[in-house]
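Chemist: Dropping the structure in here first, questions after.
None of the figures in this text is laboratory data; all of them are computed from the coordinates on show. Owing to the predicted nature of the structure, the values given are computational and were not obtained by experimental measurement. Here the Cβ is made from the backbone with ideal geometry for all residues, glycine too, and neighbour counts use every protein chain on show.
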Amino acid sequence: MSALSVASLPPIPPAASLQARARAAVDQSRADARGQGGQVAVDDYRCTTRFAQELSLFRRHPQAVAAGQSLAAPGSWLSLTHLGTPLLLVRQADGELQAFLNVCRHRGARLVPEGSGENARAFACPYHAWTYRADGGLRGVPQAEGFPCLKPEESGLQRLEVTERAGLAWVILDPGQSDLDPAAMLEPLISDLAGLAGMQTPQAFAPRSYEVEANWKLLVDGIFEAYHFKVAHRQTIAAMFAGNVQLVDEAGLHRRLYLIKSNFAREQPGPEDFEPRRYGNLTYFFFPNNLVLVQPDHAQFSCIEPLSPTRSRIHEITLIPEAPASEKAVMHWQANVDLYRRTLAEDYALAESIQQGLASGANEFFNFGSYEYSIPRFHAQLAQQLDHGH
Ligand code: FES
Ligand SMILES: [Fe+2]
């Protein structure tokens, strides 16, 4: 088995500098393979022990759980479950977003049912009506004389680290990780993404969540190579792209991928005419499971939430520069969403077919070629992080 090196690669260059590498890749008709291929053990995609370790790693890395715009007004709130953890996000009077474990400090009932709302003043627990302020502080305890030792100031909701970047709310789910700074963990890639036009305060369009019968890593693997494009996406987007030519840049554990479009080869833009979003798709991957695919006038966010070793839930939000002002605008965005979903359906059907074959014994390892090098590298980085966590 080849050694999977996780030595660092050069720092991420600005997107505008991709032109020269795109030129070289298209001229030589190959991806700029900056690593080697390698193998990944099939068991890593189905082992329950491994899955439990991965879940605890997920809880230490920022998870984008909502579009900030969906919680724009002071007092707006959102209750959701992510990685099995009940969460409550509340926009404070001063405009700051706060995140809490949505779990009562009395006897642990879920405080707020799933949903969203406005004008939060207080949240009352459905079990014994302990109430909490919008800032998470404990406000009231019915028949409080029964709790002579209770310290209300220490009995507020557990607060989680949260940051808003690129229009998304990123939360660290583990309350024991208050020393982690999600904003710093997303850098420098998040600044590169947020610097793109329309990505500071995008509007959320057509959000949806659905499940796929596949290990989360099969869904991530598919974005790290363009080798499958001409085959798996021949019915949808293959003709729009230049073939097996994808440029990969790393920023710590995160990656920016550039999938070169066929118009780049046709029009041959020089460095001055090169507009990265016109000549390719930029995908921002935030380790371990958040993706933003940037297209010329909008972006598609996906979070891959692992549910079990063989099942994942995908959360998608289309991020558009401003709320659609007409029916025509809605149709424009919807057509983009539909093509994106048709393309992803091709990827996810293949992931499900792979998952079904995993237990067959046909393969002990998957073999990744040089232009798929980013996949075994991701697995090596993941393994390294899992080792650090224990
Ligand atoms: S569990 Fe919430 S008030 Fe008792
Ligand atoms: Fe794909």
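Chemist: Per the helix-only calculation at 222 nm, which mean residue ellipticity applies to the chain, given -39500 (n - 2.57) for every DSSP H run of n ≥ 4 and division by its residues, nearest 500 deg cm²/dmol?
Modeler: Computed ellipticity for the chain at 222 nm equals -7500 deg cm²/dmol.
Chemist: Report, in whole Å, the centroid distance computed from the Cα atoms of segment 241-259 and segment 293-356.
Modeler: With segment 241-259 and segment 293-356 each reduced to a Cα centre, they are spaced 19 Å.
Chemist: Something else: Pop a pseudo-label 7 angstrom from the Cα along the beta-carbon direction at both residue 128 and residue 187 and give the gap in nm to one decimal.
Modeler: 4.4 nm
Chemist: So how far apart, in nm, are the two label points at residue 200 and residue 387 if each is 7 Å from Cα heading toward Cβ?
Modeler: About 4.3 nm separates the two model spin labels.
Chemist: Follow-up question, since we're still on this one. Compute the FRET efficiency between residue 339 and residue 119 as 1/(1 + (r/R0)^6), taking r as their Cβ-Cβ distance and R0 = 35 Å, and round to the nearest 0.05. Please list the in-between numbers first.
Modeler: Details: r = 38 Å, r/R0 = 1.09.
Efficiency, from the Cβ-Cβ distance: 0.35.
Chemist: What number comes out for the charge environment of residue 341, summing +1 per Lys or Arg and -1 per Asp or Glu over other residues with Cβ under 12 Å away? The partial results should precede the final answer.
Modeler: Values: positive: 208, 342; negative: 316, 338, 346, 347.
It works out to a net charge of -2.
Chemist: Counting other beta carbons within 10 Å of each residue's own, what order do 49, 283, 201 fall into, fewest first?
Modeler: Numbers: 49 9, 283 21, 201 16.
The fewest-first ordering by Cβ neighbours comes to 49, 201, 283.
Chemist: May I pose another question? About the Cα centre of segment 335-378, what is the dipole size in debye to 20, counting +1 per Lys and Arg Cβ and -1 per Asp and Glu Cβ, all else neutral?
Modeler: In total the dipole reaches around 100 debye.
Chemist: Measure off 7 Å from each Cα along the Cα-to-Cβ vector at residue 48 and residue 24, then give the distance between these two points in nanometres to one decimal.
Modeler: So the label points at residue 48 and residue 24 sit 4.9 nm apart.
Chemist: Just need the relative contact order of segment 64-179 here, percent rounded to a whole number, with Cα pairs under 8 Å and 6+ apart.
Modeler: Working: 236 pairs, mean separation 30.0, N = 116.
So the answer I get is 26 percent.
Chemist: For residue 123, what charge total do you get from the other residues with a beta carbon under 15 Å from its beta carbon, if Lys and Arg give +1 and Asp and Glu give -1? Write out the running numbers ahead of the final one.
Modeler: Values: positive: 91, 105, 110, 121, 133, 139, 159; negative: 114, 118, 135.
Cβ neighbours under 15 Å give a net charge of +4.
Chemist: Restrict the search to segment 92-121; then list the trypsin sites (Lys or Arg not before Pro) that DSSP places in a loop and that have at most 13 other Cβ atoms within 10 Å of their Cβ. Mind showing how you got there, number by number?
Modeler: Working: sites: 105, 107, 110, 121; in loops: 105, 107, 121.
Answer by residue number: 107, 121.
Chemist: Shifting gears a bit: Step through the residues of segment 48-63 one at a time and calculate ³J(HN,Hα) from phi using the Karplus curve (6.51 cos²θ - 1.76 cosθ + 1.60, θ = phi - 60°), rounding each to whole Hz and writing x for Gly and Pro.
Modeler: 6, 5, 4, 4, 4, 5, 5, 4, 5, 5, 4, 6, 9, 10, x, 10
Chemist: Can I ask one more? Compare the Cα positions of 173, 162, 144 along the charge dipole of segment 64-179 (+1 at Cβ of Lys, Arg; -1 at Cβ of Asp, Glu; about the Cα centre) and return the one farthest towards the positive end.
Modeler: The residue sitting farthest along the positive end of the dipole is 144.
Chemist: Pick out which of 362, 226, 134 has the largest mean-square fluctuation in a Gaussian network model of the chain, springs linking Cα atoms closer than 10 Å.
Modeler: The residue with the greatest mean-square fluctuation here is 362.
Chemist: Give me the lysines in straight-line cross-link reach of residue 230: C-alpha distance below 30 Å, same-chain residues under 8 apart excluded.
Modeler: 217, 261
Chemist: Mean-square fluctuation check for the chain, GNM, Cα pairs under 10 Å: which of 58, 366, 147 is largest?
Modeler: 147
Chemist: For the chain, set up a GNM with springs between Cα atoms under 10 Å and report which of 162, 103, 171 has the largest fluctuation.
Modeler: Ranking 162, 103, 171 by mean-square fluctuation puts 103 first.
Chemist: Check which residues have an amide H placed less than 5 Å from residue 251's amide H, if you skip close sequence neighbours.
Modeler: The answer is 256.
Chemist: Of all the stretches in the chain, which is the longest one without any exposed loop site, taking GluC sites (Glu not before Pro) in a DSSP loop (any state but H, G, I, E, B) with at most 12 other Cβ atoms within 10 Å?
Modeler: Working: sites that count: 96, 114, 118, 272, 322, 364.
Maximal segment without exposed cleavage sites: 119-271.
Chemist: Another question, if that's okay. Amide H neighbours of residue 365 under 5 Å, at least 5 residues apart or on other chains, H built in the peptide plane: list them.
Modeler: Hits under the 5 Å cutoff: 42.
Chemist: How charged is the neighbourhood of residue 210? Take every other residue with its Cβ under 10 Å from the Cβ of residue 210, and add Lys/Arg as +1 and Asp/Glu as -1. Walk me through the numbers on the way to the answer.
Modeler: Numbers: positive: 208, 313, 341; negative: 211, 316.
Overall, the nearby charge balance is +1.
Chemist: Where does each of 230, 261 land when they are ranked from fewest to most other beta-carbon atoms within 10 angstrom?
Modeler: Taking fewest neighbouring Cβ atoms as first place, the list is 230, 261.
Chemist: Could you list, by residue number, the cysteines of the chain that have no other cysteine's beta carbon within less than 4.7 Å of their beta carbon?
Modeler: 47, 149, 303
Chemist: Take the eigenvalues of the Cα gyration tensor for the chain, scale each by 5, and report the square roots as semi-axes in whole Å, largest first. Please report the intermediate quantities before stating the final value.
Modeler: Details: eigenvalues 306, 126, 68 Å².
Its equivalent ellipsoid spans semi-axes of 39, 25, 18 Å.
Chemist: Taking the Cα centre of the chain as origin, sum charge times position over the Cβ atoms of Lys and Arg (+1) and Asp and Glu (-1), and report the length of that vector in debye to the nearest 20. Don't skip to the answer; put the middle values down first.
Modeler: Values: 34 positive and 42 negative charges, 81 e Å.
Value, rounded to 20: 400 debye.
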